[in-house]
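Peer 1: Below: one structure in structure tokens.
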Amino acid sequence: MGPTAVGKTDYGIREALKYGSPVISCDSRQIFREMSIGTAVPSAEQLAAVKHYFIHSRSVTEPYSAGKYEIDALALIERLFDEGHETLVMAGGSGFYIDALCNGLDDFPPADAGLREHLSSRLQQEGVESLRLELKRLDPESYSTIDIANGQRVVRALEVCLLTGRPFSSFKTSPRKKRSFEIEKTGLTRPRSELYDRIDRRVLQMVDSGLEEEVAGLVRYRELPALQTVGYKEMFSYLDGEISLRRAVELIQRNTRHYAKRQMSYWNRDKDIRWVDVGK
């Protein structure tokens, strides 16, 4: 695991080849087949080097969650162990997916359709800033760790707070579920300046590779949860004529850097992670 652009894909492939394992992806966006460039999915060469699971296996039109990932990933892991694998490699940067697999998230309350519709309507009418401020008041810890630029994540956290009277973050402190296998967590890190430079260069590469065209092809899906993420929202604003392409690129770079910082804040509380500096 590790922040975006730290080098998880290459590191995971090397580990998979060492153990004769496939790579099981823990990424909440790379799972969608319509999203490739903006999610930095492994290249065709990387995908050919070792079998990957949960890459382009769903459509953005299919609702998917960390809880569903827990069920699907556990079933896959048990099957692969039954087939004779002794060690399996998972790689990704989605904290909720990783927590779901390692600890279990079944104790989260189910979605409340009425409240979700109300909050989603507020998101459209008032913008994410209003909901973010309410979340900051009710659950400062979630405000400081989740992707607060992602309106759907903010809506879900706020929904749980309002529905249960408890902070969304408090549900992540429940006793972890027992798994039939041992889990070793390796966190990848780099010096901040180096990581931020990699992020900035990756965004430029995404644009050169056709990010604008990819996002233009997804306009009809723009309200779906999968598209409420960095890289896509900014490009939608550009396509709407609200900002220039140059400004969209600057915002993607900035928001991705902010996201990487929140990822590290999220994991710094986990004492089970063995951190490895993969910097130059």
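Peer 1: Filtering segment 41-51 down to residues that are touching a helix residue (DSSP H, G or I) at 6+ places or on another chain (Cβ under 9 Å) and surrounded by fewer than 21 Cβ atoms within 10 Å (Cβ to Cβ), which residue is nearest to Glu214 (Cα to Cα)? Spell out how you get there, then give the answer.
Peer 2: Filtering segment 41-51 down to residues touching a helix residue (DSSP H, G or I) at 6+ places or on another chain (Cβ under 9 Å) leaves 41-43, 46, 49-51.
In the following step, the residues that additionally are surrounded by fewer than 21 Cβ atoms within 10 Å (Cβ to Cβ) were identified as 43, 46, 49-51.
Details: Ser43: 16, Gln46: 21, Ala49: 25, Val50: 26, Lys51: 25 Å.
Among those that are touching a helix residue (DSSP H, G or I) at 6+ places or on another chain (Cβ under 9 Å) and surrounded by fewer than 21 Cβ atoms within 10 Å (Cβ to Cβ), it is Ser43.
Peer 1: Answer with yes or no whether Arg156 is out of contact with any Cys (no Cβ under 9 Å at 6 or more places or on another chain), surrounded by 15 or more Cβ atoms within 10 Å (Cβ to Cβ) and not aliphatic (A, V, I, L, M).
Peer 2: Working: out of contact with any Cys (no Cβ under 9 Å at 6 or more places or on another chain): yes; surrounded by 15 or more Cβ atoms within 10 Å (Cβ to Cβ): yes; not aliphatic (A, V, I, L, M): yes.
Spelling it out, Arg156 is indeed out of contact with any Cys (no Cβ under 9 Å at 6 or more places or on another chain), surrounded by 15 or more Cβ atoms within 10 Å (Cβ to Cβ) and not aliphatic (A, V, I, L, M).
Peer 1: Of all helices (runs of 4 or more DSSP H) completely enclosed by segment 211-280, which ones contain at least 2 residues that are in contact with a Ser or Thr (Cβ under 9 Å, 6 or more places away or on another chain)?
Peer 2: Working: elements: 211-216, 233-239, 245-267.
In segment 211-280, 245-267 are the helices (runs of 4 or more DSSP H) which contain 2 or more residues that are in contact with a Ser or Thr (Cβ under 9 Å, 6 or more places away or on another chain).
Peer 1: When the residues of segment 118-140 are filtered to those that are closer than 11 Å to Val155 by Cβ and over 23 Å from the mean Cα position of the chain (by Cα), which remaining residue is surrounded by the most Cβ atoms within 10 Å (Cβ to Cβ)? Spell out the reasoning first.
Peer 2: Filtering segment 118-140 down to residues closer than 11 Å to Val155 by Cβ leaves 118-124, 128, 131-132, 134-135.
Now narrow it down to the ones that are over 23 Å from the mean Cα position of the chain (by Cα): 118, 121-122.
Working: His118: 14, Ser121: 10, Arg122: 17.
Within segment 118-140, the match that is surrounded by the most Cβ atoms within 10 Å (Cβ to Cβ) is Arg122.
Peer 1: Right, something else. Determine if segment 105-121 includes at least one residue that is of a type in the set (Phe, Trp, Tyr) and assigned to a helix (DSSP H, G or I).
Peer 2: Of the residues in segment 105-121, the ones of a type in the set (Phe, Trp, Tyr) are 108.
Checking which are assigned to a helix (DSSP H, G or I) leaves us with none.
Within segment 105-121, not a single residue is of a type in the set (Phe, Trp, Tyr) and assigned to a helix (DSSP H, G or I).
Peer 1: Now a separate question. Can you pull out every residue in segment 1-14 that is part of a loop (DSSP other than H, G, I, E, B) and either surrounded by fewer than 20 Cβ atoms within 10 Å (Cβ to Cβ) or not hydrophobic (A, V, I, L, M, F, W, C) (or both)? Let's see the steps before the verdict.
Peer 2: Our first condition is that a residue be part of a loop (DSSP other than H, G, I, E, B); within segment 1-14, this holds for 1-7.
Within segment 1-14, Gly2, Pro3, Thr4, Gly7 meet the criteria.
Peer 1: Also: Can you spot a residue in segment 182-191 that is outside the structural domain of Leu224 (by TED's automatic domain parsing) and under 20 Å from the mean Cα position of the chain (by Cα)? Spell out how you get there, then give the answer.
Peer 2: If we filter segment 182-191 for residues that are outside the structural domain of Leu224 (by TED's automatic domain parsing), which is where we start, we get none.
No, segment 182-191 contains no residue that is outside the structural domain of Leu224 (by TED's automatic domain parsing) and under 20 Å from the mean Cα position of the chain (by Cα).
Peer 1: Look at segment 67-90 and say how many of its residues are under 18 Å from the mean Cα position of the chain (by Cα) and either in the same structural domain as Phe168 (by TED's automatic domain parsing) or under 19 Å from Arg33 (Cβ atoms) (or both).
Peer 2: 4
Peer 1: Identify, from the list Pro63, Pro42, Pro3, the residue that is out of contact with any strand residue (DSSP E or B) (no Cβ under 6 Å at 6 or more places or on another chain) and outside the structural domain of Thr229 (by TED's automatic domain parsing). Even if it seems obvious, please write down each step before you answer.
Peer 2: Values: Pro63 fails: outside the structural domain of Thr229 (by TED's automatic domain parsing); Pro42 fails: outside the structural domain of Thr229 (by TED's automatic domain parsing).
The unique qualifying residue is Pro3.
Peer 1: Just wondering, is there one or more residues in segment 26-45 that are in a helix (DSSP H, G or I) and among the aliphatic types (A, V, I, L, M)? Full working, then the answer.
Peer 2: First, pick out the residues of segment 26-45 that are in a helix (DSSP H, G or I): 44-45.
Subset that is among the aliphatic types (A, V, I, L, M): 44.
Yes, the conditions are met somewhere in segment 26-45.
Peer 1: Same structure, new question: Keeping to segment 15-40, report how many residues are closer than 20 Å to Thr87 by Cβ and either surrounded by fewer than 19 Cβ atoms within 10 Å (Cβ to Cβ) or among the hydroxyl-bearing types (Ser, Thr, Tyr) (or both).
Peer 2: Our first condition is that a residue be closer than 20 Å to Thr87 by Cβ; within segment 15-40, this holds for 15-26.
Subset that is either surrounded by fewer than 19 Cβ atoms within 10 Å (Cβ to Cβ) or among the hydroxyl-bearing types (Ser, Thr, Tyr) (or both): 15, 17-22, 25.
Residues meeting the conditions: 8.
Peer 1: Just need a number here: residues in segment 241-280 that are of a type in the set (Ser, Thr, Tyr) and over 20 Å from Ile146 (Cα atoms).
Peer 2: Qualifying residue count, segment 241-280: 1.
Peer 1: Can you pull out every residue in segment 159-197 that is part of a helix (DSSP H, G or I), hydrophobic (A, V, I, L, M, F, W, C) and surrounded by fewer than 19 Cβ atoms within 10 Å (Cβ to Cβ)?
Peer 2: Looking only at segment 159-197, we keep the residues that are part of a helix (DSSP H, G or I), and these are 159-164, 168-173, 192-197.
Restricting the remaining residues to those that are hydrophobic (A, V, I, L, M, F, W, C) gives 160-163, 168, 171, 195.
Passing the criteria: Leu162, Leu163, Phe171.
Peer 1: Take the residues of segment 240-278 that are under 16 Å from Met206 (Cα atoms), without any contact (Cβ under 8 Å) to a residue 40 or more places away in the chain and aliphatic (A, V, I, L, M): which is surrounded by the fewest Cβ atoms within 10 Å (Cβ to Cβ)?
Peer 2: Of all residues in segment 240-278, those under 16 Å from Met206 (Cα atoms) come to 245-257.
Keeping just the survivors that are without any contact (Cβ under 8 Å) to a residue 40 or more places away in the chain gives 245-248, 250-251, 254.
Narrowing further to those that are aliphatic (A, V, I, L, M): 245, 248, 251.
On the way: Leu245: 13, Ala248: 24, Leu251: 20.
By that ranking, first place goes to Leu245.
Peer 1: Return the residues of segment 58-90 that are without any contact (Cβ under 8 Å) to a residue 12 or more places away in the chain and in a loop (DSSP other than H, G, I, E, B); say none if nothing qualifies. Talk me through it step by step, then tell me what you get.
Peer 2: Step one: list which residues in segment 58-90 are without any contact (Cβ under 8 Å) to a residue 12 or more places away in the chain, which gives 62, 65, 68, 71, 75, 79, 82-84.
Passing the criteria: Glu62, Ser65, Glu83, Gly84.
The values are calculated or read from the model by the stated rules, or taken from the named source; none is laboratory data. The structure displayed is predicted, hence computed values, not measured ones. No Cβ is skipped: glycine too gets one built from the backbone with ideal geometry, and neighbour counts run over all protein chains shown.
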